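Worksheet: the structure to be examined is printed underneath.
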Amino acid sequence: SESGHWYAKDGEPRYTIIGKNGKERATTLRDARTEGLVPSVSTILRMEAAPALERWKIQQACLACVTLPRIAEESDDAFMARALKDSQEQARKAAERGTYLHGLLEDTVRNSRLPFKASHADAAIIQPVIDWLAANFTGYNWSVERSFATDRYGGKIDLHGASDEDSVVIDYKFKDGVESGKRLAYDNHSTQLAAYANGLGTPSCRCINLFIDSVKPGVVVPHEWSPGEVLNGYKAFELLLSLWYLRKGL
């Protein structure tokens, strides 16, 4: 994830710096002020509430409460703290799984073959995505994990493709249980893609979210945003960006 990340004006990621003690550490707001860094798209998006994500977190906490056994003489506060930690652990594992699959997909597109470390089960999840790209974007040149920066924000894009006719920005969303016909795409997704498209200087490029089941092989559901939705998404992003700068005093 690029949440909380910073970028130099030339587009280079500056997620970490070398501190005064000579050790590497995460870049802070103070560092950004000193070095003229800009925030990531995901940092800006966090200015807006994410109801679906919050609902999922609550559900995980509730699930932990009803499945964890109580310890003898354990207080309610202690039990709730333990249940919360358990629910966060489940979220961490889900995030790690998504990050791992994301890396496999990145390596596969970049090298035109599945990495040797990919298991048969993982390959069954990744290969259908590669097949979908080949079927829908013949003749495109791909840039993987492309970073960029404007005067006010930066980011790193999962996949950017260009042909003689048009270009496309694609963002992967790995999810445990992707159901076709069920709502998967939300306004914040279009806002993210619109920020990427405008950050590259190609506001009219195609913007697609690709929802990929991280458990069930072969489930790949694309959602392409209309030009009007992308335009509105960028308008929303500009408002969030202004609010972020106002709150941070930059």
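Couple of notes before you dig in:
- Springs join every pair of Cα atoms under 10 Å in this Gaussian network model of the chain, and among G155, G36, G98 the largest mean-square fluctuation is at G36.
- Placed amide H near L159: partners under 5 Å, 5+ positions off or other chain: E145, I170
- Within the accessible area of the chain (1.4 Å probe), percent carbon and sulfur: 52
- GluC sites (Glu not before Pro) restricted to DSSP loop in the stretch 7-76 with at most 16 other C-beta within 10 Å: E48, E73, E74
- Dipole size of the chain about its Cα centre, with +1 on Lys/Arg Cβ and -1 on Asp/Glu Cβ: approximately 620 debye, rounded to the nearest 20.
- Dipole of the chain, positive direction: furthest Cα of G155, A123, T191, with charges on the beta-carbon: G155
- With contacts taken as Cα pairs under 8 Å and at least 6 residues apart, the chain reaches a relative contact order of 19 percent.
- Within a Gaussian network of the chain (alpha carbon springs, distance under 10 Å), most fluctuating of L37, L184, L239: L239
- Percent antiparallel among DSSP beta bridges (both partners in the chain, rounded to 5): 75
- Cα gyration tensor, the stretch 110-171 - rounded (a/c under 1.5), prolate or oblate: oblate
- Cα-based shape type of the stretch 14-83, given that a ≥ b ≥ c are square roots of the gyration tensor eigenvalues and the cut on a/c is 1.5: oblate
- Scanning the chain for DSSP H helices at least 15 Å long along the axis (C-alpha atoms) with a Kyte-Doolittle mean no lower than 0.5 picks out 120-136.
- Accessible area (Å², per residue) of the stretch 155-250, counting only protein heavy atoms and a probe of 1.4 Å: 48
- Calculated over the stretch 1-147, the projected area of the Cα convex hull averaged across directions stands at 14.5 nm².
- The alpha-carbon atoms of the stretch 107-242 define a convex hull whose volume equals 115 cubic angstrom per residue.
- Normalised per residue, the accessible area of the stretch 1-144 is 64 Å², obtained with a 1.4 Å probe and no contribution from ligands, DNA or RNA.
- Spread of Cα-to-Cα distances over 10 Å intervals beginning at zero, given as percent, for the chain: 7, 25, 32, 24, 10, 2, 0
- Taking Cα centre as origin and charging only the Cβ of basic (Lys, Arg, +1) and acidic (Asp, Glu, -1) residues, the dipole magnitude of the stretch 15-62 rounds to 180 debye.
The values are calculated or read from the model by the stated rules, or taken from the named source; none is laboratory data. Nothing here was measured: the structure is a model prediction, and the numbers come from that model. When we count neighbours, we look across all protein chains shown, and the Cβ atoms used for this are built from the backbone with ideal geometry, even at glycine. Surface accessibility is based on the protein's heavy atoms, side chains included, excluding ligands, DNA and RNA. Shrake-Rupley method; radii C 1.70, N 1.55, O 1.52, S 1.80 Å.
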